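First the structure, in the form of structure tokens, and then the observations on it.
The values are calculated or read from the model by the stated rules, or taken from the named source; none is laboratory data. Please read all numbers here as calculations on a predicted model, not as lab measurements. Here Cβ is always computed from backbone atoms with ideal geometry, including for glycine, and neighbour counts include all displayed protein chains.
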């Protein structure tokens, strides 16, 4: 089992289940014979055997209480490396990046485990180290794209060398460890993943000309806080902590040159029209702009907000961030610093507010990142009912349900200013607009669904009526033709067609349901508003 | 006080309770218990009166009372207080060091060093030699040097294309985790929150069946979001999926459903075909089982379960004649010869030949003459059926001949020339199919063996072939050579009806499992096409005499008219296009259309239904 996990061998679904299974249809798992043979040639098998023998000898020595033997055995403890397996499974670096999702998620999970029981402390420390290194790389390369606060944890998506890497981190609480989970399986996976992630990190750091293992750029450090930049003990723990504070930039092997900022030379690719070129250029520009979203802004995190994700996100987009000195090391400036532009607060009200900075809820940071622009801050003041937090991973296709907030956001991205939303009457108008839009959409969907023209309004004038009749006749004839043609379809195709149509219909139904629900909710909210207004008047 | 020593030793003294003595003295003499005559009262009195009572104790070994002295009492008191027994012992004396911790220059003893401290130890030597031996024999290896290569290095420094093996091309990468939607947000739009009923439904579903594996929830602020309790679970399940779940490449169906619909010629271009219901022939009171139309196309005959046969004029829907026959009519067939006016009717065990006396008087007169011109042969031949001439009374109703079978007759069908006709008997023996000749009034049984339950029979319109449809096969017999020429597999469970193209090369078979099989006799014995147009069992199928049309009637109350073009060019496959679905019959008793029939000259189709009507579509 362990070997299968490490080597990435998985069962296959045979083409003819009945043939392979000797006529029975009982569910069984099938491995390829080739895969099993492949496993036999693995050198690590011998290492496993050695380890087994070692454990047996050690147990015997303990039993006889021969302590010198125990010491000797422990000195010669066999160890194995997974380097060659990593190389074998991922012959190219891009392959490794493609499979990084699970590795990063797993490392983040293991790094939050308590240091007692469940798994080795070394594993946890290694996971923590690798995770922090990865975060630092993402900051340095500014490759974060999307963040999503879900009820399960925080999803991040970064684009590492053109490959999207998505990972999830749990919220910083103690886990209640379930009993029906086999930690040995997880540990085996983690063993492989840590090896993989280590090599990937190394390569990534190299690609950015950064030192690996990472070192904090001392010069910058000194510049930022000359008062504190004294002898700085490089003992491993505080080093890791400092690194995980994510506040300082990393030392580079080569001093950063300004070549990157020079305009990229344009190499027009043949067969690509000017329009495509333009589009690509525009995209590039948008990406650059997105990367510098928080450039020049200075944030301060209050102690009740989750520090690590926020610091990570803000630093990824070029912002400067600090926090209370007693909270964690690495704070660069104080609350009283007058240059702070935004203070992230997650409590209903703030007692003493300093003029010249925005007090915002943490969702603003995440929403801004997802919207690729700094959203208006009015909706995110402390104590205000927050607008819904939408998933950036959803891309709506035609016919899907789009929540109105998303529509608003899209409009904002296009550059249309929806106006001052604080004015009440405009707001209501907008709502009405939304509703009317929704109604239109609903109607359209219904039409699609029924595929008939029953919704066509009946006109009064005779001449037109005949015209419509003709249209209707034509439509009817067409639909009948279609029906007849469907009748002539082959069995398999018909099955497929029916399945597709069923899926489409279900989708429309679900979208309609959501829209109806939203409408009901909006009406209730409106009524309540009216009532409260009346009450105020009375 | 004399010293009495008891020699029993340290034993529980209860053992001597029942004896007069209490032990033995040094001389081995018994020591007797002191005489006790004190009762409770005496004890009490003594306690009250004796001032030394409290310091009197009983010696268990001798049984004598002893009065403790002052010193003894004092000792007891001190022991009770936890002090030392000796009054003069001082526990807090100042400590005196006997040996100093400082090393002195002179040894304590002046003993010279042992010899053994100058010579090498034998035991150690032995041990060393053992180790040396072990090293020589290779049992003990020198400690491996710690490899100081860095744990991580540039693994992909030189990527050689040879390392991409076939395995990597075969590799099926695991699908990525599903990305979260709006409903997973900690603060989703309100429409994504589940209502009470949905929540209940979610809870009642099996965890594996749930569409969402979590309940969408809304928290007012980020501070209020709790830890997700199933986080480790989900990671673990992902791990299990990665190494235990069978993987298979699935082709994603990415077709526009409109492309799947085959491109067929427009029905408009394939006209003429019946499109609308034109006439309804009402009169029957029960389901109309069978129809037949005269070769001229002027008259229609229908047989019904109400034991009558009705003759209609096609154009006016007028019932010209009603013939009660005294039994359920299973089948009617108009003689296809235009010079003969004769209808064969199946009623229970007999086939009636009826002259309807409709149309041209000369014509039906000639038919009567033809029938009367029969001269019985000299020698009576043994026949499987009985030919009976109708009585006068019956003759006035139109009845001419009765052919009485031994069992109930199911179907009757004419040969194209109009002299022969075949009847099917519901029987299991070899007598299922009989061929009769009208002019000679002679019947024969063509088959020696029964090949299954015969459903229907058919004459080839041009050649001397005879088609017999059993439940699953259609057998084609050559009547001249008297042999089986072909056996067609219908791929159906139960054939209900059969019709032949006027060209004679194509056959359609309707079956009770709602399939219609089109056979090309030249092509193969398997159906060229199986059409599953109907939703319920097919009852009858029909070809048009001139137009490339065929129709099928089914229990779902519809008649589907299809365009079935057959080309003379052998290389071109027949073109089958459904052109019209005709509805009109009302479903009664779960039965819809029972019989369909085309008009011999016009593109019209008749259908008879279980609702007791006959309908004409034009």
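Here are the numbers for this structure:
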{"quantity": "Lone unmet requirement of (1) buried (at least 21 other Cβ atoms within 10 Å of the Cβ); (2) modelled with pLDDT of 85 or more for residue A:129", "calculated": "(2)"}
{"quantity": "Residue in region A:316-339 that is within 22 Å of residue B:219 (Cβ to Cβ), in contact (Cβ under 8 Å) with a residue 40 or more places away in the chain and not in a loop (DSSP other than H, G, I, E, B) present", "calculated": "no"}
{"quantity": "Selection from region B:211-225 of residues that are more than 8 Å from chain A (Cβ to nearest Cβ) and under 40 Å from the mean Cα position of the chain (by Cα)", "calculated": "B:211, B:212, B:213, B:215, B:218"}
{"quantity": "Residue match in region A:77-86 (condition: modelled with pLDDT of 80 or more, in a helix (DSSP H, G or I), within 10 Å of chain B (Cβ to nearest Cβ) and more than 18 Å from residue B:167 (Cα to Cα))", "calculated": "yes"}
{"quantity": "Tabulated pairs, region B:119-134, first within 18 Å of residue A:68 (Cα to Cα), second modelled with pLDDT under 95 and surrounded by 10 or more Cβ atoms within 10 Å (Cβ to Cβ), C-beta under 8 angstrom, 6+ apart or interchain", "calculated": "B:131/B:140; B:134/B:140"}
{"quantity": "Flag for residue A:347 being part of a helix (DSSP H, G or I), at pLDDT 75 or above and surrounded by 14 or more Cβ atoms within 10 Å (Cβ to Cβ)", "calculated": "no"}
{"quantity": "Selected residue (criterion: farthest from the other protein chains (Cβ to nearest Cβ)) from residues of region A:27-44 that are in a helix (DSSP H, G or I) and closer than 15 Å to residue A:5 by Cβ", "calculated": "A:44"}
{"quantity": "All positions within region A:351-372 that are out of contact with any helix residue (DSSP H, G or I) (no Cβ under 7 Å at 6 or more places or on another chain) and more than 14 Å from chain B (Cβ to nearest Cβ)", "calculated": "A:351, A:352, A:353, A:354, A:355, A:356, A:357, A:368"}
{"quantity": "Selection status of residue B:326, in a loop (DSSP other than H, G, I, E, B) and surrounded by fewer than 17 Cβ atoms within 10 Å (Cβ to Cβ)", "calculated": "yes"}
{"quantity": "So residue A:501, is it outside any helix (DSSP H, G or I) and either over 30 Å from the mean Cα position of the chain (by Cα) or more than 24 Å from residue B:195 (Cα to Cα) (or both)", "calculated": "no"}
{"quantity": "Selection count, region B:527-557, where residues are under 31 Å from the mean Cα position of the chain (by Cα) and in a strand (DSSP E or B)", "calculated": "6"}
{"quantity": "Helices (runs of 4 or more DSSP H) wholly inside region B:107-206 that include at least 2 residues being within 30 Å of residue B:238 (Cβ to Cβ)", "calculated": "B:166-170, B:196-204"}
{"quantity": "Matching option when the condition is modelled with pLDDT of 90 or more and either more than 11 Å from chain A (Cβ to nearest Cβ) or closer than 30 Å to residue A:90 by Cβ (or both), among B:133, B:158, B:101, B:106", "calculated": "B:133"}
{"quantity": "Residue count, region A:488-524 (criterion: more than 7 Å from chain B (Cβ to nearest Cβ), crowded, with 16+ Cβ neighbours inside 10 Å and free of Cβ contacts under 8 Å to residues at least 24 places away in the same chain)", "calculated": "1"}
{"quantity": "All positions within region B:246-277 that are within 7 Å of chain A (Cβ to nearest Cβ) and over 22 Å from residue A:498 (Cα atoms)", "calculated": "B:246, B:247, B:248, B:266, B:267"}
{"quantity": "When residues of region B:46-64 are limited to those that are surrounded by 12 or more Cβ atoms within 10 Å (Cβ to Cβ) and farther than 22 Å from residue B:10 by Cβ, the one farthest from the chain's Cα centre (by Cα)", "calculated": "B:50"}
{"quantity": "Members of region A:127-174 that are free of Cβ contacts under 8 Å to residues at least 60 places away in the same chain, within 8 Å of chain B (Cβ to nearest Cβ) and within 16 Å of the chain's Cα centre (by Cα)", "calculated": "A:151, A:152, A:153"}
{"quantity": "Any hit, region B:493-510, residues being in contact with a strand residue (DSSP E or B) (Cβ under 9 Å, 6 or more places away or on another chain), within 14 Å of another protein chain (Cβ to nearest Cβ), under 30 Å from residue B:279 (Cα atoms) and part of a strand (DSSP E or B)", "calculated": "no"}
{"quantity": "Of all residues making up region A:87-98, the number that are at the interface with chain B (Cβ under 10 Å from one of its Cβ atoms), surrounded by 19 or more Cβ atoms within 10 Å (Cβ to Cβ) and touching a residue at least 40 places away in the same chain (Cβ under 8 Å)", "calculated": "4"}
{"quantity": "Residue within region B:573-591 that is more than 14 Å from chain A (Cβ to nearest Cβ) and closer than 24 Å to residue B:475 by Cβ present", "calculated": "no"}
{"quantity": "Of all residues in region B:173-194 being exposed (fewer than 14 other Cβ atoms within 10 Å of the Cβ) and at the interface with chain A (Cβ under 8 Å from one of its Cβ atoms), the one that is modelled with the highest pLDDT", "calculated": "B:176"}
{"quantity": "Residue within region A:4-15 that is under 21 Å from residue B:151 (Cβ atoms) and away from every other protein chain (no Cβ under 12 Å) present", "calculated": "no"}
{"quantity": "Count - residues of region B:434-456 that are in a loop (DSSP other than H, G, I, E, B) and closer than 18 Å to residue B:417 by Cα", "calculated": "4"}
